[in-house]
Every structure is written in structure tokens, then in C-alpha cells.
Amino acid sequence: MHPDLAAKYDLRVPRYTSYPTAPHFGPAVGSDRYGEWLSELPTDAALSLYLHIAYCAEMCWFCGCHTKITRQYAPVADYMDCLWREIDMVAARLPAPMAAKHIHFGGGSPTILSPDDFVATIARLRRRFVVAADAEIAVELDPRTADEDYVAAMAGSGVTRASIGVQDFNAEVQQAINRIQPYDVTARVITWLRRYGVPEINMDLVYGLPHQTAESLKETIDLAVDFQPRRIALFGYAHVPWMKKHQRLIPEAALPDMAERWRQYETAATRLMDFGYVQVGLDHFAKAEDEMALALAENRLHRNFQGYTTDNAAILLGFGASGIGSLPQGYVANEGTLHAYKQMIRAGRLATVRGIGVTADDLLRRALIERLMCDLALDVEAVCASFGADPEQFDSALDSLAEMEADGLLLRQGRRISMTVPGRPLVRAACAVFDRYLRSGEARHSKAV
């Protein structure tokens, strides 16, 4: 892409893992409202469960997650005691035991858990929910802290997918982001995962890191592909030191400029597709036979707080400090401060401190944005028809895309739009025209690429 277009459209816009997006959540939705929403859920609806393990053994300076550093296990054990209580409280407020189709452990670092506590957590979920026999159980895995006993515990508990954090194999880049993870450490964990029968392996890579170049990133991709992961996520580093103070430790002079950042993205995407991976949406790549690639081809891909997903559950329950959930009535977010989270749970209160109820207009706009984010194409009339809505209301939004169309970033035919290959990385900027909340929260979002 020409640098002038990159500068023109690389704006601060949401990642659209929800709509309305998290900056617009407020205190009107708290513990009591969440409890009411849980009690109103239809008993035949399928659930997706997200568990946030809010501790890491070491701070990676690029990290944008909610986490706390500890070298002792006592704080982790204390936290898990509260998380288990929260599972019990949420389950007790449901109208009946409900089916769970997806379980995702994120963080922080789930691999900071002891094998026994991981097994106990899965067992508790199986007691409180009806975990489907074919449920996907996914764990974000840090190869630096996962040992063989932990991998064996994962496999024995029914884990079906491991998402391995790599970021970059280059030693200079690793040093600059304070994540020293030699190639052999990653290779060892992948050997264990395959030995114990965890069937699906994903890998997370990041571009836009200090000292990274398009050439060095290409080398990282070649090494990653040698492991034959089913999916590879290629995320852009979001440098927001005003929000994440530890990012001030990253040498800003070593960060790639905008033109180099774009070159990294385009080089990496091309290289992955050369290896036969299918590009999925903005930042995911999957083998052609993988369920995510199949969902893309069949227009049934979805997007939630974990990014692109094949999970079609209408309800996501989030557990742990900063955990976020999505229900038919709206979104909920837990207290992010560990001490306050634990206080609320131990007082017998759900830890929800903010959220937002969704309106019919929100649901319609969410569907428009999700289809454009997932399919890179949008038929406004078809989506509106499914809601019984008048598509004419979005004509001005579509007209506002004229400049992107003139710049060759998208094509428009009436009320249909599709992103071009050069426009794909800027799909979030196109989605933003349907976002009626954006102006009041745009300063808190990351750049488009």
C-alpha cells in the first residue's frame, strides 16, 4: 500500500470484538443487573465460557492484557479460590444447568496454574455446566512456564486446542520486549502437546515490534510454519504507553515507522499465503481444511472478545478479574483490580461493575459490522431484511465511504460493499462508519493496522 494511503486511513478505531465497544460500558450495569440477565436466559441456549487467569510470572513489555506479576503461587491460589466461587455463583443464577460448547482460558497466563488447579477448574466447570462431549476447550499457552506435567493435565482434562504465544523468534526483538523465549523452548512444548494428544495447535505472532523488520519477521514465519500450526494469528503491536505504563520500557526509537509497519504486515501475510494458509478476516490465517477457513468460505465466521471464531454461541460468560461477557440483553465487565474483584466475590456478590444494555439499533449495527469484519464484504439490504429494518437509514454511512472507494480500498454497488486486497487491512476504518458511538471513545482505541 502507498504510504500516503496508510497515513490517511491508519486511524484510531475499535477492533470491533463487540458492539458497542468496551469504552462505552458504564456503571448502569452492575452485579444486580447481571444477576437478573442470567436468570432470564433461555435454558436451551448454548454457552461459551471465558476464564481470565490474571497472573504472569514476568511482564512482557508489549503486553496490553490485564495481568499482575508474581513469582509466588500463594496469590494465584487465592485468586483461583475466588474464580471458583464466581463460577458457582454464576451457575446458581442460571434458570437451569446450561450447555457449554466452548471454554477458553486466557490471561495473563493460564500456564501459571499448577496442574492440579487446572484440573480442578475444568472439573468444576463440568459440575456446574453441561459441557458438551464435542466442546472446544482452548488454552492460551506460554511455552516459558508450561512444563510437561501441565501439558499432560491439559490433555487429560480434554483440552482440544492450545494457542501458543511466540510473538517473534528473533533474539533482539525478544530482548527489546522482555520476552526471552528461545526457539527450543517453543519446540519442546509443541512436542509435548503432540505427545499427549492435544489435537489443535495455534500460534500467535506480532508485527510492529521494536527492532523488527519485514525480513526478520519473514524468518520468524518460516520457523513458525515448520511446526505446522493449524492457525496463525498475526496481530499488530498496539503501542499505548499512556494506558499501559510498562510499555514505556520499550525503546520507541526502535519501533518501525508506519511505512515499515505496513511492509511487515504485507510481507507476513503474503508469506503465510505462499505456504497455503487462508487469510481469515483482518489478522488470522488458517489451513484450508481448518474449521475457521471453512467457516469463512461458508459465511458463518463470527467475532467475539477473543477475535475471529467459529463459536456461534449467543452467550459468552466471562469469569475472573476484568472478565467480559456478552448476553442477549447486553455486555458485562468484571472489576479489573484484583483486590476489589476478590472482595466482591468473597462478599457473595457478582463482580460486574460496568456494562451496557443493547438496543435494537445496536444489534442491527453489530450485525453489519460483524459481517464486514468477517466476510470483508457487506450486503446492507440483506442484513437489514433479517432485522425487518429499512436499509435507507445507512445510505449516508455508505456515501461516506466514497473516498475509500476512490482510493481503491473498497468497491461499492448500491448497498453492497467489499474490501479490495489493498483495503483489507483497513476494514476497521470501513466498519467505523456504522458506529454511532465512535466519536466519544476514539482516543482510547488502537490504530487500524
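The values are calculated or read from the model by the stated rules, or taken from the named source; none is laboratory data. Model, not experiment: these values are computed from the prediction. Every residue, glycine as well, gets a Cβ built from its backbone with ideal geometry; the counts of neighbours run over all protein chains shown.
Would it be correct to say that ALA377 is at pLDDT 95 or above, out of contact with any Pro (no Cβ under 7 Å at 6 or more places or on another chain), farther than 30 Å from GLU260 by Cα and not assigned by TED's automatic domain parsing to the domain that holds CYS63? Against the criterion (at pLDDT 95 or above, out of contact with any Pro (no Cβ under 7 Å at 6 or more places or on another chain), farther than 30 Å from GLU260 by Cα and not assigned by TED's automatic domain parsing to the domain that holds CYS63), ALA377 does not qualify. Sub-7 Å Cβ pairs linking a first residue in segment 172-199 that is free of Cβ contacts under 8 Å to residues at least 40 places away in the same chain to a second residue that is part of a helix (DSSP H, G or I) and surrounded by 14 or more Cβ atoms within 10 Å (Cβ to Cβ), at least 6 apart or interchain, are ILE180/GLN174; GLN181/GLN174, ordered by first then second residue. With the structure loaded, tell me whether GLY165 is free of Cβ contacts under 8 Å to residues at least 60 places away in the same chain, in contact with a Pro (Cβ under 8 Å, 6 or more places away or on another chain) and crowded, with 22+ Cβ neighbours inside 10 Å or whether it fails that test. Judged against the criteria, GLY165 is a match. Annotation note: of HIS211, HIS246, the sole residue that is in contact (Cβ under 8 Å) with a residue 24 or more places away in the chain, not charged (D, E, K, R) and not in a helix (DSSP H, G or I) is HIS211. Only one of the numbered conditions (1) surrounded by 17 or more Cβ atoms within 10 Å (Cβ to Cβ); (2) among the hydrophobic types (A, V, I, L, M, F, W, C); (3) under 22 Å from LEU125 (Cβ atoms) is violated by TRP61, and that is (3). Looking only at residues in segment 348-382 that are without any contact (Cβ under 8 Å) to a residue 40 or more places away in the chain and in contact with a Lys or Arg (Cβ under 8 Å, 6 or more places away or on another chain), the one that is surrounded by the most Cβ atoms within 10 Å (Cβ to Cβ) is VAL380. Residues of segment 88-112 that are polar (S, T, N, Q) and in contact with a Pro (Cβ under 9 Å, 6 or more places away or on another chain): THR111 alone. Residues in segment 145-178 that are in a loop (DSSP other than H, G, I, E, B), out of contact with any Asp or Glu (no Cβ under 6 Å at 6 or more places or on another chain) and closer than 20 Å to THR309 by Cα: GLY158, VAL159.
From the set of residues in segment 335-360 that are β-branched (Val, Ile, Thr) and in contact with a Phe, Trp or Tyr (Cβ under 8 Å, 6 or more places away or on another chain), which is nearest to VAL90 (Cα to Cα)? Steps first, please.
Taking segment 335-360 first, the residues β-branched (Val, Ile, Thr) are 337, 345, 352-353, 356, 358-359.
Remaining after also requiring in contact with a Phe, Trp or Tyr (Cβ under 8 Å, 6 or more places away or on another chain): 352, 356, 358.
On the way: THR352: 11, ILE356: 18, VAL358: 21 Å.
Selected residue: THR352.
TYR331 satisfies every condition listed in (1) surrounded by fewer than 21 Cβ atoms within 10 Å (Cβ to Cβ); (2) assigned to a strand (DSSP E or B); (3) not basic (Lys, Arg) except (1). Put simply, of ALA269, ALA259, ALA238 the only residue that is in contact (Cβ under 8 Å) with a residue 12 or more places away in the chain and part of a loop (DSSP other than H, G, I, E, B) is ALA238. When segment 98-116 is filtered for residues that are more than 18 Å from SER326 (Cα to Cα) and either more than 24 Å from the chain's Cα centre (by Cα) or assigned to a loop (DSSP other than H, G, I, E, B) (or both), the ones remaining, listed by number, are GLY108, SER109, LEU113, SER114, PRO115, ASP116.
Residue by residue, here is whether (1) assigned to a strand (DSSP E or B); (2) over 24 Å from LYS68 (Cβ atoms) holds:
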residue	(1), (2)
TYR341	no, no
ILE345	no, no
ARG349	no, no
ARG354	yes, no
LEU363	no, yes
ARG366	no, yes
ARG371	no, yes
CYS374	no, yes
LEU378	yes, yes
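The single residue among ARG231, ARG195, ARG179, ARG248 that is among the basic types (Lys, Arg) and under 22 Å from VAL119 (Cα atoms) turns out to be ARG195. What about ASN304, is it out of contact with any Pro (no Cβ under 9 Å at 6 or more places or on another chain), at pLDDT below 95 and assigned by TED's automatic domain parsing to the domain that holds GLU40? In short, yes.
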